[in-house]
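Shown next, in structure tokens, is the structure this report addresses.
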Amino acid sequence: MSATGQAKASTPPDIAARKGKTPLVCLTAYTTPVARLLDRHCDVVLVGDSVGMVLHGLPSTLGVTLEMMIMHGQAVRRGLERALMVVDMPFGSYEEGPEQAFRNAARVMAETGSTAVKLEGGETMAETIRFLTGRGVPVMAHVGLTPQAVHAFGGYRVQGRGEDAERIRRDALAVAEAGAFAVVLEKVPELLARRITEEIAIPTIGIGASPACDGQVLVVDDMLGLFGDFRPKFVKRYAELGQVAEAAIATYAREVRERRFPAAEHVFGDEPRTVTAGEAA
Ligand code: KIV
């Protein structure tokens, strides 16, 4: 039994049925060991295209390829037993139209074992979402600040303030109506997030969208303090692992220079002896 109280793997209908109930817990993962850490605690594990910025040092998510998503998806799959796995469709892999989106989503699902895909966009993506969901591809939608459109937005700005709220509301209604099983709401004001959450039938998963949502998602490296000095308002740092790692690396460097590492216990002797677990003679 996992910390989420689930004995079996989550499915998109399980996630959709959590609307208005205990908030959904979602984090990103890009590797097997991190997926293993998340599996007991998360309802949804997202292989986000944030991988491009977080692990590959890209300036935005725009340079992320389908091959990168498939490789990281395969790694995450090996670490999950219970949480629902969702893989992001990268920029350029679905926007041409429903057929392109289906071809690439089918490839992602077949090659990674992912249960669902996520794609960015509201009204303009509704037809594609309907096409995919009608052909066995569960879709998590993503509206509000959609990072793949960063240049069109002129930066990573809050979306849906004032009169712009109606645009985001229409986007959320459109993706829910098109058959998405959940929708990520990114960087929108609390009142709008509350209104959308009350109005649509599928769970809203917020990132910078207030506790009014049906669940929350964060980039795991952000909340663990592993992604440098990136400190946006909506991220709570639950640990400072970057600082812990830096201190450990500094100690290692000093001990190597002072010949204090390796110490006697790390050195192999001439005498053959019984090999203990995890040790090669
Ligand atoms: O790519 C990503 O990690 C995401 C989440 C932050 C929602 O899309």
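The values are calculated or read from the model by the stated rules, or taken from the named source; none is laboratory data. Note that the coordinates shown come from a computational prediction; the quantities given were computed from them, not determined experimentally. Glycine also receives a Cβ, built like all others from the backbone with ideal geometry; neighbour counts cover every protein chain displayed. All accessible areas refer to the heavy atoms of the entire protein, side chains included, with ligands and DNA or RNA removed. Shrake-Rupley method; radii C 1.70, N 1.55, O 1.52, S 1.80 Å.
Residues that are in contact with a helix residue (DSSP H, G or I) (Cβ under 7 Å, 6 or more places away or on another chain) and open to solvent by 40 Å² or more (accessible area, probe 1.4 Å) within region 114-131 comprise T115, E123, E127, F131, listed in sequence order. For region 188-207, check the following and say yes or no: at least one residue is surrounded by fewer than 20 Cβ atoms within 10 Å (Cβ to Cβ) and polar (S, T, N, Q). For region 188-207, residues surrounded by fewer than 20 Cβ atoms within 10 Å (Cβ to Cβ) and polar (S, T, N, Q): absent. Of all residues in region 40-52, which are surrounded by fewer than 24 Cβ atoms within 10 Å (Cβ to Cβ) and closer than 15 Å to L224 by Cβ? Listed by number, the residues that qualify are H41, S50. Scanning region 154-163 for residues that are open to solvent by 50 Å² or more (accessible area, probe 1.4 Å) and over 18 Å from P90 (Cα atoms) yields R157, V158, R161, G162, E163.
When region 64-76 is limited to residues that are within 13 Å of the ligand (Cβ to nearest atom) and more than 12 Å from the chain's Cα centre (by Cα), the one that is surrounded by the most Cβ atoms within 10 Å (Cβ to Cβ) turns out to be V64. Can L37 be described as of a type in the set (A, V, I, L, M), open to solvent by 50 Å² or more (accessible area, probe 1.4 Å), more than 20 Å from T204 (Cα to Cα) and assigned by TED's automatic domain parsing to the domain that holds T146? The answer is yes for L37.
Scanning region 79-97 turns up one or more residues that are open to solvent by 50 Å² or more (accessible area, probe 1.4 Å), farther than 29 Å from E123 by Cα and at pLDDT 95 or above. Can you find even one residue in region 5-25 that is buried (at least 17 other Cβ atoms within 10 Å of the Cβ), in the same structural domain as A152 (by TED's automatic domain parsing) and farther than 17 Å from V217 by Cβ? Within region 5-25, not a single residue is buried (at least 17 other Cβ atoms within 10 Å of the Cβ), in the same structural domain as A152 (by TED's automatic domain parsing) and farther than 17 Å from V217 by Cβ. With respect to G179, is the statement that it is open to solvent by 10 Å² or more (accessible area, probe 1.4 Å) and either within 19 Å of T11 (Cβ to Cβ) or in contact (Cβ under 8 Å) with a residue 60 or more places away in the chain (or both) true? For G179, the condition - open to solvent by 10 Å² or more (accessible area, probe 1.4 Å) and either within 19 Å of T11 (Cβ to Cβ) or in contact (Cβ under 8 Å) with a residue 60 or more places away in the chain (or both) - is met. Residues in region 17-42 that are assigned to a loop (DSSP other than H, G, I, E, B), within 16 Å of the ligand (Cβ to nearest atom) and either without any contact (Cβ under 8 Å) to a residue 24 or more places away in the chain or closer than 20 Å to M71 by Cα (or both): A29, Y30, T31.
Taking the stated definitions as given, is G57 under 13 Å from the mean Cα position of the chain (by Cα) and either open to solvent by 10 Å² or more (accessible area, probe 1.4 Å) or within 15 Å of the ligand (Cβ to nearest atom) (or both)? Criteria not met by G57. When region 172-191 is limited to residues that are among the aliphatic types (A, V, I, L, M) and out of contact with any Asp or Glu (no Cβ under 9 Å at 6 or more places or on another chain), the one that is nearest to the ligand (Cβ to nearest atom) turns out to be L185. Within region 251-267, being surrounded by 10 or more Cβ atoms within 10 Å (Cβ to Cβ) and more than 39 Å from the chain's Cα centre (by Cα) holds for one residue alone: R260.
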